[in-house]
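Only one structure is covered here, and it is reproduced in the block below.
The values are calculated or read from the model by the stated rules, or taken from the named source; none is laboratory data. The structure presented is a predicted model; accordingly, all values stated were derived computationally and were not measured. In this analysis, Cβ positions are derived from the backbone assuming ideal geometry, glycine residues included, and neighbour counts consider all displayed protein chains.
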Amino acid sequence: MSSVVPVLSGPRVTLRPMAEADIPLLARWFSDREFQRHQWGAWHGPMSPDGARGWFDRMTREDAGAFTLEHDGRPIGFANFRNLNEKHSNADIGVGIGEQDLWGRGLGSEAVGLLRDHLLGTRGLHRIRLHVAATNDRAIASYRKCGFEVEGIEREGVRGEDGGWADMAVMGLVAGRPRPVFDPRPAILEGRYVRLEPLRMDHAAGLCDAGDEDDIWRHVAPRPRGPTATRDTSGAPSTRRSRATSCRSL
């Protein structure tokens, strides 16, 4: 097998061979803090032009392939395969939408499907694997729709510029293997008066508001102190933290 990169077209996205002219786009996308955290699990600082060139060179060598992802004729992200192993018939993949205004529209899922079909169908690979930030619920759900399953968690697998550690989820797809009978996702439990849902990142603001009460902290633990303090209507200092401070602690 050679790492020839074809053009892959779907209803809304096209994957074309990445060109050197796309390198400045890589530098801009990977210099976005939120995008980089979703891709690599941690912030490593802005990507320099030389860094983008190095990424391009690694993804266009013999055991890899890089695509630019286009939507309506506009470059919006990338896709790649790498560590192509002919003996064991497997490879790693990565997909990213660099333009935030297009997040959540299913374009990444379509790109993953195109890349999956190319690697398993056209190239005849047996297995493909990917790594994704364990906190990136949206991406994990997208990959699951394309047939991938979470196979494990690399605890504190990456370290950011600030020295903090982050977990990475390892997901895989094996040709001809059905999904596991056991679904590891937490269940939704419903009763007469309450509904219990799996905790997600978009619950943070609501939990922040619900939990920012003096009575709750009085019975649970010494209340964390934020950098700002407010006063109640009597003029006495209040231990209520600002909403922004509370949310940062979740």
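For the reader, a short list of remarks on this structure follows.
- Failed criterion for ARG127 (all others in (1) more than 22 Å from GLY41 (Cβ to Cβ); (2) among the charged types (D, E, K, R); (3) at pLDDT below 95 hold): (3)
- Looking across segment 15-69, the residues that are free of Cβ contacts under 8 Å to residues at least 60 places away in the same chain, crowded, with 19+ Cβ neighbours inside 10 Å and part of a strand (DSSP E or B) come down to THR68, LEU69.
- Members of segment 99-129 that are outside any helix (DSSP H, G or I) and either buried (at least 21 other Cβ atoms within 10 Å of the Cβ) or of a type in the set (Asp, Glu) (or both): GLU99, LEU125, ILE128
- Residues in segment 203-216 that are touching a residue at least 24 places away in the same chain (Cβ under 8 Å) and either assigned by TED's automatic domain parsing to the domain that holds THR135 or under 20 Å from ASP137 (Cα atoms) (or both): ALA204, ALA205, LEU207, CYS208.
- Only residues that are of a type in the set (S, T, N, Q) and either in the same structural domain as ARG61 (by TED's automatic domain parsing) or outside any loop (DSSP other than H, G, I, E, B) (or both) were counted across segment 1-14, and they come to 2.
- Lone qualifier among VAL194, VAL170, VAL150, VAL158 - being touching a residue at least 60 places away in the same chain (Cβ under 8 Å) and not aromatic (Phe, Trp, Tyr): VAL158
- Flag for VAL158 being modelled with pLDDT under 90 and part of a loop (DSSP other than H, G, I, E, B): no
- Single unsatisfied condition, PRO178 versus (1) surrounded by fewer than 16 Cβ atoms within 10 Å (Cβ to Cβ); (2) in a strand (DSSP E or B): (2)
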